[in-house]
Structure formats: structure tokens, C-alpha cells
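Everything on this sheet refers to the single structure shown next.
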Amino acid sequence: MDTKNPWTKLSKERVYENNWIALDHHEVLNPSNGKGIYGTVHFKNLAIGIIPLDKEGFTYMVGQYRFPLNKYSWEIPEGGGQLDKDPLETAKRELLEEVGIKAKEWTEIQRIHTSNSVTDELGIIYLAEDLSYFEAQPDEDEQLEVQKIHWKDLYKMVIEGKITDSLSVAGVYKLALIKSGLEIS
């Protein structure tokens, strides 16, 4: 298959920007050489997700109201990390902030592009093991609920479509594949 870029950018205009994202409007020639437009969202941070897993097979979910969806969402612990910083340090910070957990063992299990038809956002998902428990320290603008749940119940929630967050879904499926000893039925 030809991997050459079939798109031609005629112009690019930054139409919006804040501390987290930049929105660009592109005038383009599409792969059929027809004139068109394209909007892209550039994320200024990495999306970091963590699945903390204890020796008994329990993990933790974080519930919060997600403004863009206009609904409540249950997810693995997540946060944003600066592009020029070590993503593992962000993962460690977010796990302590949101859930009050530190882990001795960390494994990167997946990298995903969260919605590559409109954004360049990169997500990195970690497995955190050998856990120690502390007081959660959520950011002042976060209103979080934390729930301890068995791994197989989290997996079932993903299978049933009750969890739709992309980092959570990708992380849970990947963990199910690499941890063959985890019971998922």
C-alpha cells in the first residue's frame, strides 16, 4: 500500500487556541484532488491512563462529570502530561492525586491516538502494580468519585459498553490480552 500523503494543504489558519488545545482550519485538496476543508485539534498535552492492579485482582475507577459529553463517566485514573516531560512521572502524579495510590512496578501497556480523524492526541496507558495507599489529592477543579472494583467487573463493564472512554477501553482490552492469568469471564 502507498504510504505517501495523498492530501495537499493549500492553507492553514489557527482559529482558536488556549492552554490545552489549538484548533486549525485547513483548505485542502483531498485524495481525489477535490477542494475541501479540514479541521484539526492539536493537543498540548499527552493523555495518560493508569490501571492500578492489586494482588487480589482489584483495581480502581474514577467517576466524574465530563463537560464535552454532558454526562457522568467512569474511567481508569487519567490525566494530562506535558509533551516534553516523562509520561511515567505524569502517571505517578495522577495516580496519587486521583486515587491516593503509589506503585512500585510500572509497565507501559499501550499507546493510542484517541481520535485520529480530527486530532493528534497521543494516549499512553500504564499498568501499576505493587500498590501502597495514601490520601487522594485531587485538583481543586476536579470533583471525583473513586470506586474499588474487581478486574473482572471492570472488564465486564467495558464489554457491556458501560465504559466508553477510549483510554479505559484500550487499556482494559490490552491488559486482558497480556495478563492471561486474569479471570475475565
>> If I model a spin label at Asp24 and Glu160 as a point 7 Å from the Cα along the Cα→Cβ vector, what separation in nanometres do I get?
In response: 4.3 nm
> Between Leu83 and Asp141, what length in nm is gained on full extension when 0.36 nm per residue of separation is reduced by their alpha carbon distance?
Replying inline: 18.7 nm
>> Tell me the relative contact order for the chain as a rounded percent, counting alpha carbon contacts under 8 Å between residues six or more apart.
In response: 21 percent
>> I need the GluC sites (Glu not before Pro) found in the stretch 121-185, filtered to DSSP loop residues with at most 15 other beta carbons within 10 Å of theirs.
In response: Glu135, Glu140, Glu142, Glu160, Glu183
> Among (i) 10.1; (ii) 13.1; (iii) 12.1, which one is mean projected area of the Cα convex hull in nm² computed from these coordinates?
Replying inline: (ii)
> What residues qualify as long-range amide H neighbours of Leu46, i.e. H under 5 Å apart, gap of 5 or more or another chain, H built at 1.01 Å from N?
Replying inline: Gly81, Gln82, Leu83
>> With angles folded into 0 to 90 degrees, how steeply does helix 166-178 sit against the dominant principal axis of the chain? Use alpha carbons for both and round to 10.
In response: 60 degrees
>> Around Asp86, under 12 Å between beta carbons, what's the net of Lys plus Arg minus Asp minus Glu among the other residues?
In response: 0
>> I need the peptides 3-13, 81-91, 169-179 ranked by packing, meaning the mean over residues of other C-beta atoms within 10 angstrom, with the highest value on top.
In response: 169-179, 81-91, 3-13
> What is the sum of charges around Glu135, taking Lys and Arg as +1, Asp and Glu as -1, for the other residues whose C-beta is under 12 Å from the C-beta of Glu135?
Replying inline: -1
> Taking the Cα atoms only, what angle lies between the long axis of helix 87-99 and the longest principal axis of the chain, rounded to 10 degrees?
Replying inline: 50 degrees
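Where a number appears in this text, it was derived from the coordinates with a stated rule and is not lab data. Because the structure is predicted, anything quoted here is derived from the model rather than measured. Ideal geometry is used to build each Cβ from the backbone, glycine not excepted, and the neighbour counts take in all protein chains shown.
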